[in-house]
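Undergrad: This is the structure, below, for whatever I ask next.
The values are calculated or read from the model by the stated rules, or taken from the named source; none is laboratory data. From a predicted model like this one, the values you see are computed outputs, not experimental measurements. Counting neighbours? That spans all protein chains shown, and the Cβs are built from the backbone with ideal geometry, glycine included. Please note that ligands, DNA and RNA were not included when accessible areas were found on the heavy atoms of the full protein model with its side chains. Shrake-Rupley method; radii C 1.70, N 1.55, O 1.52, S 1.80 Å.
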Amino acid sequence: MNKVSKWQETEEPKLIQKDFLTLADYSKDDIMSLLYDALELKKQQKMGISHPYLSGKVLGLIFEKSSTRTRVSFEVGMLQLGGHAIFLSSRDIQLGRGETVSDTAKVLSRYVDGIMVRTFEHETVEEFAKYASIPVINGLTDLHHPTQVMADLLTILEHKGKLSGLKLCYIGDGNNNMAHSLLEGAAKVGMHINIASSEGYKPNEIIIQNAKKVGSKTGSKIMITNNPTTAIQDADVVVTDVWTSMGQEKEVQKRLQEFKDYQVNQALCENAKPDFIFLHCLPAHRGEEVTAEIIDGPHSVVFDEAENRLHAQKAILKALLGKKS
Ligand code: CP
Ligand code: NVA
């Protein structure tokens with residue numbers, strides 16, 4: 001953590017958003033200010049200093065997909081901030097029996113102070129945000145995983161001491177939530193990003209174009225290629241994710257075939273910088289998108305990354321739920 005250099009604000013941080021749905025909605029200064037607050041909260045927590053910024057506040061957690069890290073880190077984060085979280089599986093609440101998103105959002109707004117939603121279509125979290133009078137946090141959709149990428153940025157910042165000017169390489173399914181949020185996040189903070197993916201699995205074109213526009217201002221260069229060796233050249237950070245995301249289970253066999261040349265392994269990583277770090281949001285499939293040698297090897301920081309979900313999200317929760325008190 002000593003490696004982290006002082007970040008100079010270029011404008012007054014403005015947490016003007018009610019919700020946390022994508023990183024595109026936040027300015028570079030917003031993101032950096034959240035990351036530095038996360039570092040401070042992490043330091044305090046390690047020193048046993050309590051920080052009950054959300055005393056008496058309650059967060060509802062709606063899950064339409066499985067989760068280990070997101071559920072536990074949000075629950076523990078709320079507790080450490082002096083608040084409380086309620087786990088709401090869509091199997092148990094009326095949403096799963098057809099109650100509308102708008103009615104659910106309006107009703108929950110009368111009880112709780114914020115809602116985290118993990119779901120399929122990105123439009124569902126947008127609809128929650130539209131009808132809820134309280135902050136809505138995207139806990140993963142098919143299109144984005146912004147809280148994970150905040151944890152990734154925090155981990156890179158801790159290990160490399162900076163974000164701007166580094167080169168991140170993502171290899172694998174370029175059309176999933178992680179690839180999209182990494183594109184948005186890297187462009188915002190001025191980090192170069194190369195994405196290597198098989199033809200037909202390139203990132204969403206609108207997200208690429210927006211990231212390029214943002215990157216032209218922050219100095220972030222963006223490369224989308226189908227050649228993993230080109231993409232990983234001199235990378236400071238190597239990232240991958242599962243080849244089959246939640247909801248795509250029927251395509252497993254097709255995807256194993258499609259991405260077989262996109263495995264992060266020792267031979268490929270020889271092309272990265274000698275001190276590269278390896279990130280994976282987890283859960284991982286050893287032997288598919290990454291070899292055990294890499295994910296369990298000396299360059300891997302995946303458990304720091306998993307831990308940082310907690311600290312990054314506490315900064316987000318404090319900013320969104322605590323700002324009016
Ligand atoms: N990385 C991540 O979001 O993990 P979970 O699916 O376990 O929440
Ligand atoms: N892309 C993966 C991320 C899991 C945290 C999925 O959506 O399943």
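For every residue, the table says whether it meets (1) within 16 Å of ligand 1 (Cβ to nearest atom); (2) over 18 Å from the mean Cα position of the chain (by Cα).
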| residue | (1), (2) |
| --- | --- |
| S102 | no, yes |
| D113 | no, yes |
| H122 | yes, no |
| V125 | yes, no |
| G139 | yes, no |
| L153 | yes, no |
| G165 | no, yes |
| C169 | no, no |
| D173 | yes, no |
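Undergrad: Since E307 meets every condition but one in (1) out of contact with any Leu (no Cβ under 9 Å at 6 or more places or on another chain); (2) open to solvent by less than 60 Å² (accessible area, probe 1.4 Å); (3) within 16 Å of ligand 2 (Cβ to nearest atom), which condition does it not meet?
TA: All conditions pass for E307, except number (2).
Undergrad: Still on this structure, I have one more. Open to solvent by less than 10 Å² (accessible area, probe 1.4 Å), within 16 Å of ligand 2 (Cβ to nearest atom) and under 22 Å from K43 (Cβ atoms): does that describe L320?
TA: Working: open to solvent by less than 10 Å² (accessible area, probe 1.4 Å): yes; within 16 Å of ligand 2 (Cβ to nearest atom): no; under 22 Å from K43 (Cβ atoms): yes.
Answer is no for this residue.
Undergrad: Across the stretch 48-100, what is the total count of residues that are in contact with a strand residue (DSSP E or B) (Cβ under 7 Å, 6 or more places away or on another chain) and either within 16 Å of ligand 1 (Cβ to nearest atom) or not aliphatic (A, V, I, L, M) (or both)?
TA: So the answer is 20.
Undergrad: Can I ask one more? Kindly check whether there is at least one residue in the stretch 314-325 that is in contact with a helix residue (DSSP H, G or I) (Cβ under 9 Å, 6 or more places away or on another chain) and of a type in the set (S, T, Y).
TA: Within the stretch 314-325, not a single residue is in contact with a helix residue (DSSP H, G or I) (Cβ under 9 Å, 6 or more places away or on another chain) and of a type in the set (S, T, Y).
Undergrad: In the stretch 78-92, which residues are hydrophobic (A, V, I, L, M, F, W, C) and crowded, with 17+ Cβ neighbours inside 10 Å?
TA: Hits for the stretch 78-92 are M78, L81, A85, L88.
Undergrad: Please find, among L268, L279, the residue that is within 15 Å of ligand 1 (Cβ to nearest atom) and of a type in the set (A, V, I, L, M, F, W, C).
TA: Numbers: L268 fails: within 15 Å of ligand 1 (Cβ to nearest atom).
Answer to the check: L279.
Undergrad: Which one of I206, I134 is without any contact (Cβ under 8 Å) to a residue 24 or more places away in the chain, under 29 Å from V101 (Cα atoms) and either of a type in the set (V, I, T) or in contact with a Gly (Cβ under 9 Å, 6 or more places away or on another chain) (or both)? Full working, then the answer.
TA: Details: I134 fails: without any contact (Cβ under 8 Å) to a residue 24 or more places away in the chain.
Answer to the check: I206.
Undergrad: Any idea how many residues of the stretch 27-50 are open to solvent by 20 Å² or more (accessible area, probe 1.4 Å) and over 17 Å from the mean Cα position of the chain (by Cα)?
TA: Total satisfying the criteria: 9.
Undergrad: Scan the stretch 281-306 for residues that are charged (D, E, K, R) and in contact (Cβ under 8 Å) with a residue 40 or more places away in the chain and jot them down.
TA: We begin by selecting, within the stretch 281-306, every residue charged (D, E, K, R); these are 286, 288-289, 293, 296, 304-305.
The answer is E288, E289, D304, E305.
Undergrad: Could you tell me whether any residue of the stretch 158-168 is open to solvent by less than 10 Å² (accessible area, probe 1.4 Å) and closer than 26 Å to S89 by Cβ?
TA: For the stretch 158-168, residues open to solvent by less than 10 Å² (accessible area, probe 1.4 Å) and closer than 26 Å to S89 by Cβ: absent.
Undergrad: Count, please, the residues in the stretch 51-74 that happen to be closer than 23 Å to T124 by Cβ and crowded, with 16+ Cβ neighbours inside 10 Å.
TA: Initially, the stretch 51-74 is screened for residues closer than 23 Å to T124 by Cβ, giving 58-74.
With crowded, with 16+ Cβ neighbours inside 10 Å added as a condition, the list becomes 58-65, 67, 69-71, 73-74.
Summing the residues that are closer than 23 Å to T124 by Cβ and crowded, with 16+ Cβ neighbours inside 10 Å in the stretch 51-74 gives 14.
Undergrad: Looking at the stretch 92-121, I want the residues that are modelled with pLDDT under 95 and have a partner that is part of a loop (DSSP other than H, G, I, E, B) and surrounded by 13 or more Cβ atoms within 10 Å (Cβ to Cβ) with Cβ atoms under 6 Å, at least 6 apart or on another chain. Which pairs are those?
TA: G96/S90
Undergrad: Within the stretch 43-154, considering only helices (runs of 4 or more DSSP H) that don't extend past its boundaries, which have at least 3 residues that are within 16 Å of ligand 2 (Cβ to nearest atom) and not small (G, A, S)?
TA: 69-80, 122-131
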